[in-house]
Amino acid sequence: MDLRLPWHREQWRQVQQRRSAGHLPHALLLVGPPGLGKGWFARRLARALLCEAPTAEGESCGQCRSCRLFQAGSHPDYSSVRPLEEGAVIKVDQVRELCAFLGYTARYGGYKIALLEPADRLNGNAANSLLKTLEEPWGACLLLLVTAWPARLPATVRSRCQRLSFGIPSPTLAVPWLAERTKEGPDPQTLLDWAGGAPLAALAYAGEEHWRRRRELAESYEQVSIARADPILAAESWMKEGLTENLRWLIGWHTDLIRLKMNPEPPRLNNADLGDMLQRWADRYPSRVLFERLDAAIQLHTLCTTTQANAQLLLEAFLAGGADPC
């Protein structure tokens, strides 16, 4: 897989400058909105640093022993840690194993590299366990922490990493890249608008099934809001497929509702294809309620994705709370 993305050029240049000057840190915190490929960048960098014959641009050669092992997922000097299951935290035992790995001598005499993704899923004990390694790194090791939510990391962890920021790319970079990969379905600009400009998020939603499911949930939400559907049954439907994604849709709708309330012809909507439905919602609710519902949707997403709260009950309460526009 080619991990090079056109909107990563500036970040790659920054890292290569630090590397050439001998100032590459022992810990990099890669931050930016979801859907920008920060994890792709981290793996690209890891592969390049482990490569035995990197190119003049600092890229991996793709042919040496190290590159072949990395591609096969068996490089002895690289390790990655993720939550053991969707929605879970990264546990202290996982971090202890990772720190022990970094303490070993590199098998091939170069870097020891570890990836934590998403780093904001570290629980408190795991974050504390990581601090000693961040404060006293062993030899030529590099720790890559990837997150879309850096504020969820303890300040003690953030302060011991150098930050590498990723922003939403310009359409001149994102649209052609996406167009090459979406020959059918919505046009690339519509996909990007819906995904808030994040190309990988837009690519994930390119399939017809995603758009059908999204419209079904929007219609269900509208029916609940006018008391023509049971919020309990609606919540069951929302729980069935991709809750995290469904809640991101919910936040996006409410963001657009506020745009419509402030300006009947806003310059941009993330969900332009749902414009008529959103306009009905915007007309039905006063501004105060729309802002309250957006705050509630964001809180719902946070609770359902970062805690062990009962998502079904939280959804039922949220949906029921939207039935009365007053």
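Values in this text are rule-based calculations from the coordinates and carry no lab data. As the structure is a prediction and not an experimental result, all values here were calculated from the model. As a convention, Cβ positions derive from the backbone with ideal geometry for all residues, glycine included, and neighbour counts pool all protein chains shown.
Cα centroids of the stretch 201-271 and the stretch 274-326: how far apart, whole angstrom? So the separation of the two Cα centres works out to 10 Å. With springs connecting C-alpha atoms under 10 Å apart, model the chain as a Gaussian network and identify which of TYR108, TYR221, TYR205 has the largest mean-square fluctuation. Taking springs between Cα atoms under 10 Å, the residue moving most is TYR108. Helix 311-321 and the longest principal axis of the Cα set of the chain meet at an angle near 40°. Calculate, for LEU313 and ASN123, the FRET efficiency according to 1/(1 + (r/R0)^6) with r their C-beta to C-beta distance and R0 30 Å; round to the nearest 0.05. With R0 = 30 Å, the Cβ-Cβ based efficiency is 0.85. For a quick check: sort LYS183, LYS38, LYS91 by the number of other beta carbons within 10 angstrom, fewest at the front. Final ranking by Cβ density, sparse to dense: LYS183, LYS91, LYS38.
Listed by chain and number, the aspartates and glutamates placed with their C-alpha closer than 14 angstrom to that of LYS132 are GLU97; residues fewer than eight positions away on the same chain are left out. Put in line by how crowded their Cβ is, counting other Cβ atoms within 10 Å and starting with the fewest, CYS61, CYS99 read CYS61, CYS99. At full extension, ARG181 and GLN299 could sit 39.1 nm farther apart than now, given 0.36 nm per residue minus the alpha carbon distance. Relative to one another, the C-alpha centroids of the stretch 1-50 and the stretch 109-154 are positioned 15 Å apart. Of the residues GLU57, GLU135, GLU219, the one that moves most in a GNM of the chain with alpha-carbon contacts below 10 Å is GLU57.
3J(HN,Hα) along the stretch 295-301: 4, 5, 5, 5, 5, 4, 4 Hz, from the Karplus curve 6.51 cos²θ - 1.76 cosθ + 1.60 with θ = phi - 60°, whole Hz, x for Gly and Pro. Using R0 = 35 Å, the C-beta based FRET efficiency linking GLN189 and THR306 works out to 0.65.
Between LEU131, LEU144, LEU250, the Gaussian network model of the chain with springs among Cα atoms under 10 angstrom shows the greatest mean-square fluctuation at LEU131. Here the simple spin-label model places points 7 Å from the Cα toward Cβ, and for ARG19 and ASP93 these points are separated by 3.6 nm. In plain terms, the chain from THR105 to ASP283 could stretch by 57.6 nm, reckoned as 0.36 nm per residue minus the Cα-Cα distance.
On the beta carbon distance between LYS132 and GLN223, with R0 = 45 Å, the FRET formula returns roughly 0.25.
The ranking of ARG96, ARG44 from fewest to most other beta carbons within 10 Å of each one's beta carbon is ARG96, ARG44. With respect to the chain, whose longest principal axis is taken over its alpha-carbon atoms, helix 243-262 is tilted by about 60°. Rounded to whole numbers, the Karplus 3J(HN,Hα) couplings from phi for the stretch 204-220 are 5, 9, 6, x, 4, 4, 4, 6, 5, 4, 4, 5, 4, 5, 4, 5, 4 Hz, using 6.51 cos²θ - 1.76 cosθ + 1.60 with θ = phi - 60°, and x at Gly and Pro. Approximating the spin labels as points 7 Å out from Cα along Cα→Cβ, the ALA53-to-ALA151 distance works out to 4.9 nm. Spin-label model, SER237 to ARG4: label points 7 Å out along the Cα-to-beta-carbon direction sit 4.6 nm apart. Among the listed values (i) -0.38, -0.69; (ii) -0.45, -0.80; (iii) -0.33, -0.64, the one computed from these coordinates for log10 I(q)/I(0) by the Debye sum over Cα atoms at q = 0.08, 0.11 Å⁻¹ is (ii). Size descriptor for the stretch 207-321, Kirkwood hydrodynamic radius: 14.4 Å (Cα pairs only, one decimal).
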